[in-house]
Amino acid sequence: MLELNNIEVVYNDIILVLKGLSMKVDEGQIVALLGANGAGKTTTLKAISGLLKPDDGEVTDGAILFMGEPIHNKEAEEIVRLGIFQVMEGRRVFEHLTVEENLLAGAYTRRDRENIRRDMRRVYEYFPRLAERRHQKAGYLSGGEQQMLAIGRALMARPRLMLLDEPSLGLAPLLVREIFDIIQRINEEEGTTILLVEQNAVLALNVADYGYIMEGGRIVLEGTSDVLKENEDVKEFYLGLTEIGQRKSYREVKHYKRRKRWLS
Amino acid sequence: MEKFIQLTVSGLTNGMVYALVALGFVIIYKASDVINFAQGELLLFGAYLAFAFIAQFGLPWTLGVLLTLVVAVGIGVLVERLILRPLIGEPIISMIMATIGLSSVLRGIVNAIWTPVPRAFPEFIPRTDLYLGPAVVGADRLIAIGIAIVLLVLFTLFFRYTREGIAMRAIADDQQAALSMGISVKRVFAVAWGIAAITAAVAGIILANIVGVSGNISLIGLRVFPVVILGGLDSIPGAIIGGAFIGLLEAYTGGYIGQGLELVVPFIVLMIVLMVKPYGLFGKEIIERV
Ligand SMILES: Nc1ncnc2c1ncn2[C@@H]1O[C@H](COP(=O)(O)OP(=O)(O)OP(=O)(O)O)[C@@H](O)[C@H]1O
Ligand SMILES: [Mg+2]
């Protein structure tokens with residue numbers, strides 16, 4: 001469904017952030033993209049959704065294909081119309097618009113006006129708390145409610161592929177569980193393919209079918225969620241299952257492991 | 001009482017002209033953060049277009065006004081396309097300077113085509129006298145107020161309920177997030193300039209109908225600053241209420257006190273309001289959750 005082939009992204013014409021990144025998302029899956037702060041996860045999502053321009057970023061090499069069609073030179077609005085919708089990091093609801101108006105904004109590109117009300121009811125079914133606050137300004141919602149609204153707004157576009165950037169950011173554990181349950185339901189019930197960016201690897205790998213781990217603008221490891229969960233390095237550095245105070249980079253580990261293999 | 005009613009009517013007429021011009025100003029500011037210094041010249045151009053179509057080409061006024069509005073929208077969209085869009089991403093100050101340049105260009109074109117000599121405007125809004133209680137007022141003024149109110153209500157509804165209206169407010173809130181909804185920022189900017197040109201043209205026609213056409217009518221662009229600062233730079237209801245308020249205030253001070261004070265009092269009131277409400281009466285509240 002989505003394919004990134006060796007893409008490079010440069011900010012301000014000089015800062016090279018993605019250095020030949022390749023990945024693939026198959027239709028119907030939930031794919032997790034994991035990595036530490038500054039690895040380039042958000043940049044990857046923005047490259048896909050065409051949102052690099054306002055940040056003065058650009059895909060300078062490689063190709064991004066959606067349903068076989070190159071999209072890396074398209075405008076954000078065109079990409080939304082093709083069926084890709086990004087839920088941006090930090091929720092980014094329209095604070096001075098009501099909950100309902102935010103949802104309508106999400107449906108901006110749709111031509112089938114008559115189904116919009118029905119889909120709005122559907123969003124309220126997923127998130128009953130939004131229904132109670134439908135006429136309230138979004139700026140006054142709690143962080144969790146704003147995240148629900150951000151996801152609900154994405155649903156209103158009926159995307160085929162939803163890009164979620166750190167939906168767990170800053171939320172209490174119980175709420176995070178609720179949101180992740182709904183992400184899974186959206187995947188199953190709406191058939192929406194999901195590319196999920198997370199720092200919380202445990203959570204992400206629990207819902208995802210497949211995962212990529214990135215570092216310094218590249219993919220350093222990939223595999224099915226089950227395989228990744230069992231991988232020693234992932235356990236150590238992303239699942240936090242060991243007692244090392246300081247995070248080492250994955251590449252260092254690999255290096256160390258390689259050496260160990262030579263020795264034995 | 002008689003004087004009061006007359007002052008109220010003339011104050012409201014001016015006020016509604018201010019409101020229309022301010023509405024366009026606010027829309028452009030909301031959509032793109034640009035302060036449009038050419039708003040008064042858009043009004044000037046609109047008035048002269050109507051003058052040309054009706055008085056010079058002899059078209060019936062309905063057709064003349066319609067053509068004026070169509071051409072005005074065209075100019076608004078063209079200005080956005082040719083002058084402002086290339087500046088997207090540049091510092092806001094460049095765009096603001098561009099609107100100052102635009103105001104000179106528009107004024108120059110008007111002077112070149114029509115010369116600065118004041119002329120009578122074809123009187124298509126009837127000027128018959130009407131009795132409003134004890135006071136005699138011109139029907140043209142009441143009609144002008146009516147037209148302005150209808151237009152302002154229509155645009156308010158447009159912003160509240162239509163898809164494009166919601167998109168415009170979304171962009172005002174968070175441009176990048178709006179982009180991620182598939183909202184076209186370019187299109188919204190173009191719509192904003194189109195609306196600004198229409199409201200300015202209507203204001204120009206209303207004004208010219210009362211005072212005739214001349215280069216001076218663009219000065220009203222300057223009166224818009226106290227209006228929008230009073231109402232809040234980004235508030236549509238603020239523009240309307242601010243316009244009415246300043247128009248009435250000028251009329252009452254001029255009528256009851258006089259001595260040119262009507263030019264000063266609005267600014268004094270403005271300063272007092274800003275001391276109490278720094279974002280204007282209806283300026284966007286900064287939402288802070290605890
Ligand atoms: N607009 C920009 N201009 C210049 N550099 C940028 C810009 N945005 C991001 N970067 C740089 O690109 C790198 C990757 O940033 P990105 O936001 O993609 O990381 P991330 O993996 O999403 O991190 P986080 O987990 O903190 O959200 C960082 O080093 C960052 O400083
Ligand atoms: Mg990020």
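So here's what we get for this one:
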{"quantity": "Computed over the stretch A:23-105: relative contact order in percent, which uses C-alpha pairs under 8 Å that are six or more apart", "calculated": "22 percent"}
{"quantity": "Cβ charges +1 (Lys, Arg) and -1 (Asp, Glu), total dipole of the protein assembly as shown, debye", "calculated": "180 debye"}
{"quantity": "Directionally averaged projected area (convex hull, Cα atoms, the stretch B:228-290), nm²", "calculated": "4.5 nm²"}
{"quantity": "Cα-centred dipole magnitude for chain A, charges only on beta-carbon of K, R (+1) and D, E (-1), debye, nearest 20", "calculated": "300 debye"}
{"quantity": "Proximal aspartates and glutamates relative to A:LYS53, as straight alpha-carbon distance under 19 Å, when same-chain residues fewer than 8 apart are discounted", "calculated": "A:GLU8, A:ASP13, A:ASP61, A:GLU75, A:GLU77, A:GLU78, A:GLU89, A:ASP165, B:ASP33, B:GLU90, B:ASP173, B:ASP174"}
{"quantity": "Unit charges at the beta carbon, dipole of chain B: most positive-side option, B:LEU44, B:SER32, B:MET181", "calculated": "B:MET181"}
{"quantity": "Sum of -39500 (n - 2.57) over DSSP H runs of 4+, divided by residues of chain A (222 nm, nearest 500)", "calculated": "-10500 deg cm²/dmol"}
{"quantity": "Distance violations [Cα-Cα > 29 Å] among A:LYS46/A:LYS229; B:LYS186/B:LYS284; A:LYS74/B:LYS284; A:LYS137/B:LYS186; B:LYS3/B:LYS277", "calculated": "A:LYS74/B:LYS284; B:LYS3/B:LYS277"}
{"quantity": "Options A:GLY83, A:GLY28, A:GLY143, ranked by Cα towards positive dipole end of chain A, top entry (Cβ charges)", "calculated": "A:GLY143"}
{"quantity": "Assigned charges on the beta-carbon of Lys, Arg, Asp, Glu; the stretch B:2-218 dipole about Cα centre (debye)", "calculated": "200 debye"}
{"quantity": "Net charge over other residues, Cβ less than 11 angstrom from the Cβ of A:VAL17 (K, R count +1; D, E count -1)", "calculated": "+1"}
{"quantity": "Alpha-carbon radius of gyration plus Dmax, which is the widest Cα pair, for the stretch B:2-218 in Å", "calculated": "18.2, 59"}
{"quantity": "Summed buried accessible surface, chains B and A, 1.4 Å probe, nearest 100 Å²", "calculated": "2600 Å²"}
{"quantity": "Charge sum, other residues only, whose C-beta stays under 14 Å from A:SER225's C-beta, Lys/Arg counted +1 and Asp/Glu -1", "calculated": "-4"}
{"quantity": "Computed accessible area, B:LYS277, all protein chains, 1.4 angstrom probe, square angstrom", "calculated": "90 Å²"}
{"quantity": "Relative contact order, percent, chain A [alpha-carbon distance under 8 Å, six or more residues apart]", "calculated": "25 percent"}
{"quantity": "Total formal charge among the other residues, if their Cβ is under 14 angstrom from that of B:ILE100, Lys/Arg +1 and Asp/Glu -1", "calculated": "0"}
{"quantity": "Surface accessible to a 1.4 Å probe, A:GLU27 within the full protein complex, Å²", "calculated": "110 Å²"}
{"quantity": "Per-residue average of Cβ from other chains inside 10 Å of A:93-105", "calculated": "5"}
{"quantity": "Computed [θ] at 222 nm, deg cm²/dmol, chain B (DSSP H ≥ 4; -39,500 (n - 2.57); rounded to nearest 500)", "calculated": "-22500 deg cm²/dmol"}
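The values are calculated or read from the model by the stated rules, or taken from the named source; none is laboratory data. Please read all numbers here as calculations on a predicted model, not as lab measurements. When we count neighbours, we look across all protein chains shown, and the Cβ atoms used for this are built from the backbone with ideal geometry, even at glycine. Side chains are part of the model used for accessible areas, which takes the heavy atoms of the whole protein and leaves out ligands, DNA and RNA. Shrake-Rupley method; radii C 1.70, N 1.55, O 1.52, S 1.80 Å.
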